[in-house]
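Asker: Shown below is the structure under consideration.
The values are calculated or read from the model by the stated rules, or taken from the named source; none is laboratory data. None of the values given here were measured: they were computed from a predicted structure. Neighbour counts run over all protein chains shown; Cβ positions are idealised from the backbone, glycine included. Areas reflect the complete protein model, heavy atoms only, side chains present, ligands, DNA and RNA absent. Shrake-Rupley method; radii C 1.70, N 1.55, O 1.52, S 1.80 Å.
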Amino acid sequence: MTALGLFSITTSGFLAAFALALGANNLQIGILAALPFLTQILQLPSIWLVEKIRKRKAITLLTSIPTQLLWFVIALIPFFVQTPSRLAITLLMALMGLRGLMAAVGNCAWNGWIRDLIPQEVLGRIFSKRLMLSTMTAVVFSLGAAFFVDFWQAQTTGYRGIFGYSYVLLFGALFLGMASPLFLTFMPEPLMQTVPGTQPSIWERLTAPFRNRNFRQLIQFLFSWSFASNLAIPFFAVYMLRRLGMPLSWVIGLSVLSQLFNISFLRVWGRFVDRFSNKTVLSLCASLYLLVIFGWIFTDIPENYLLSLPLLAVLHIFAGIANAGITLTIGTIGLKLAPQGEATSYLASASLATNLGTGLGPLCGGLLGDFFSTRNLDLTFTWTDPVLSIRAPVISLTGLDFLFVIAFVVGLIDLPPIAVPLTELVSRSF
């Protein structure tokens, strides 16, 4: 709960707003969104470290503490560097990259630790409860952070406005970031089980998940879906802040709305899975999420934005509903399919696939966003007769609008070949 509370005020809309205040462009926003995920490639050599030391709790703690301490350094950037400036945003990207590298080592140890700690027969129940409590915590802290920043900026002028972000980060790092590793110290760690027979080499451990047909299909799906969806998702907040000129509290409030519907529909989709199948739920929810991404191109129509807020609310609601079903069907598959005693390499591979897709998506999205920032496409309906002349805009694409269309098309291309084998896999695993 403390970890996700900090995560909620150091990612997504809040981090994007902080980066924009430091002087970031679309590409740099994409790099910031990609860094925490691309650095997870360090999980591969971390497998050797975990297997060698076999003290997952110690490794997790030794990486978690300095990772959280870096938020103090990030928060102090505006106090020592002129903003907005190239130096300020470069420092932010460098520190986020360093955080990602340290977090990758800890995540590798954590995945195997939690896999052996929680009994398989209660895995779904534990993780659903964990997700609900953590999401509620994230809602409280993200809303509080957003309202504080808006209040601070309303009371100050000039360069002091950015300090609101710094104070939120300092608060989060002190009371949430440092509490997270403290709670970890109270968690028990089961002894790592040894694979019976001759011990495999590190190369055999690394390649085992890719030789397993079922797990290979899972890896392919995780990468493809993460890439397609994250071409656009990291830029939703940028779009609302820059294009629509919305205050940060509204941006975070809409994100909270999505999270609330996410929580509400976890049990609903659970009943649908039991009644129909994982294939049906995953196909429906993935398709719905793609429609949500496509719907973003209509949020600035008409020009006066009268309908923007209601449409954004609807899009966030459906995004939360769809994401609940996607999370439910694939969230614990890796944990269920990882063989006993080999969880470290299997879960690291699944995590790496997700992180690579989630990292490459916003990186490509940032490049495309900057490319299309100076381009415009208008489609207009025109009707002319001797009595009447009608000219009405059908669709107008500018800047990030192109990115949402591309993400929608890529998602449609990726979805058919990857959804069927994985959903069959999901059904068999349950």
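Asker: Sum up the lysine pairs in the chain that clear both bars: alpha-carbon distance under 30 Å and a spacing of 8 or more or different chains.
Answerer: Lysine pairs, 8 or more places apart or on different chains, close enough: 8.
Asker: Ignoring ligands, DNA and RNA, what percent of the accessible area of the chain is carbon or sulfur (1.4 Å)?
Answerer: Exposed carbon and sulfur together represent 69 percent of the surface.
Asker: With a probe of 1.4 Å, find how much accessible area the chain has per residue, and write the answer as a whole number in Å².
Answerer: Spelled out: the 1.4 Å probe surface of the chain, per residue, equals 46 Å².
Asker: Right, next: In the chain, which whole DSSP H runs stretch at least 27 Å along their own axis (Cα) and average 1.0 or higher on the Kyte-Doolittle scale?
Answerer: Membrane-span-like by this criterion, though nothing is claimed about a membrane: 56-75, 308-330, 400-429.
Asker: No solvent, one uniform scatterer per C-alpha: report log10 I(q)/I(0) for segment 51-170 via the Debye equation at q = 0.20 1/Å, two decimals.
Answerer: -1.16
Asker: OK, next. Between residue 44 and residue 182, what length in nm is gained on full extension when 0.36 nm per residue of separation is reduced by their alpha carbon distance?
Answerer: Once the chain is fully extended between residue 44 and residue 182, it gains 47.0 nm.
Asker: Next question, about the same structure. Lys/Arg Cβ at +1, Asp/Glu Cβ at -1, dipole of the chain taken about the Cα centre: which of 44, 390, 145 is farthest positive-ward?
Answerer: Of the listed residues, the answer is 44.
Asker: Which value at 222 nm does the chain reach when only helices count, each DSSP H run of 4 or more adding -39,500 (n - 2.57), with the total divided by all residues and rounded to the nearest 500 deg cm²/dmol?
Answerer: Theoretical 222 nm ellipticity from helices: -24000 deg cm²/dmol.
Asker: Hey, how much of the P(r) for the chain falls beyond 37 Å, as a percent of Cα pairs?
Answerer: 25 percent
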